[in-house]
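Below you'll find the structure, written out as structure tokens, and then a few comments.
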Amino acid sequence: MIVELALLTITPGREAEFEALFPTAIKVIARTPGYLAHELRRSVETPNRFAMRIEWATLEDHTVGFRGSPAFAEWRGHVQPFFAAPAVVEHFRPVAGEED
């Protein structure tokens with residue numbers, strides 16, 4: 001399993017709109033083959049920053065399957081208007097923890 005972590009900086013004052021839209025937008029990703037689970041968390045210290053965590057079966061499920069599909073443009077169409085800065089995205093593989 002691969003974990004995608006994305007740091008999303010939302011335009012100040014639009015956080016509630018983003019939170020309300022997120023359940024609709026994430027459904028676009030959730031129907032992608034290889035998608036396993038997600039969560040969205042809001043920063044306590046920086047209220048317009050969110051951390052999105054998505055679990056993928058493989059790296060390619062995200063980087064090729066999702067990003068190379070029309071669903072990627074659909075996802076971006078939902079969330080892009082809320083971004084104050086480009087998302088910072090990285091992928092992580094297990095080293096220690098529940099998958100040992």
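Confirm whether F50 is of a type outside the set (S, T, N, Q), in a strand (DSSP E or B), surrounded by 12 or more Cβ atoms within 10 Å (Cβ to Cβ) and within 11 Å of the chain's Cα centre (by Cα).
It is true that F50 is of a type outside the set (S, T, N, Q), in a strand (DSSP E or B), surrounded by 12 or more Cβ atoms within 10 Å (Cβ to Cβ) and within 11 Å of the chain's Cα centre (by Cα).
Could you grab me the full set of residues in segment 64-73 that are surrounded by 14 or more Cβ atoms within 10 Å (Cβ to Cβ), more than 12 Å from the chain's Cα centre (by Cα) and in a helix (DSSP H, G or I)?
G65, A71
All but one of (1) surrounded by 14 or more Cβ atoms within 10 Å (Cβ to Cβ); (2) more than 19 Å from F92 (Cα to Cα); (3) of a type in the set (D, E, K, R) hold for R31; which doesn't?
Only one criterion in (1) surrounded by 14 or more Cβ atoms within 10 Å (Cβ to Cβ); (2) more than 19 Å from F92 (Cα to Cα); (3) of a type in the set (D, E, K, R) is unmet by R31, namely (1).
Out of E55, E39, E4, E17, which single residue is outside any strand (DSSP E or B) and of a type in the set (D, E, K, R)?
E17
Would a scan of segment 74-84 turn up a residue that is within 26 Å of E15 (Cα to Cα) and not in a helix (DSSP H, G or I)?
The answer is yes; a qualifying residue exists.
Write out, first by first residue and then by second, each pair whose Cβ atoms fall under 6 Å of each other, whose residues are 6+ apart or on separate chains, and whose first residue, in segment 14-29, is free of Cβ contacts under 8 Å to residues at least 60 places away in the same chain while the second is among the polar types (S, T, N, Q) and assigned to a loop (DSSP other than H, G, I, E, B).
If the second residue must be among the polar types (S, T, N, Q) and assigned to a loop (DSSP other than H, G, I, E, B), the pairs left are E15/N48.
Need the failing condition index for D61 against (1) surrounded by fewer than 17 Cβ atoms within 10 Å (Cβ to Cβ); (2) in contact (Cβ under 8 Å) with a residue 24 or more places away in the chain; (3) part of a helix (DSSP H, G or I); (4) among the charged types (D, E, K, R), just the number.
(1)
Step by step: first the residues of segment 1-21, then only those that are under 23 Å from P70 (Cα atoms) and touching a strand residue (DSSP E or B) at 6+ places or on another chain (Cβ under 6 Å), then the one that is surrounded by the most Cβ atoms within 10 Å (Cβ to Cβ). Which residue is that?
Result: L8.
Quick note: the coordinates plus some simple rules give every number you see, no bench work behind them. In this text, all values refer to a predicted model and were calculated from it rather than measured experimentally. Cβ coordinates were reconstructed from backbone atoms using ideal geometry, including for glycine residues, and neighbour counts include every protein chain displayed.
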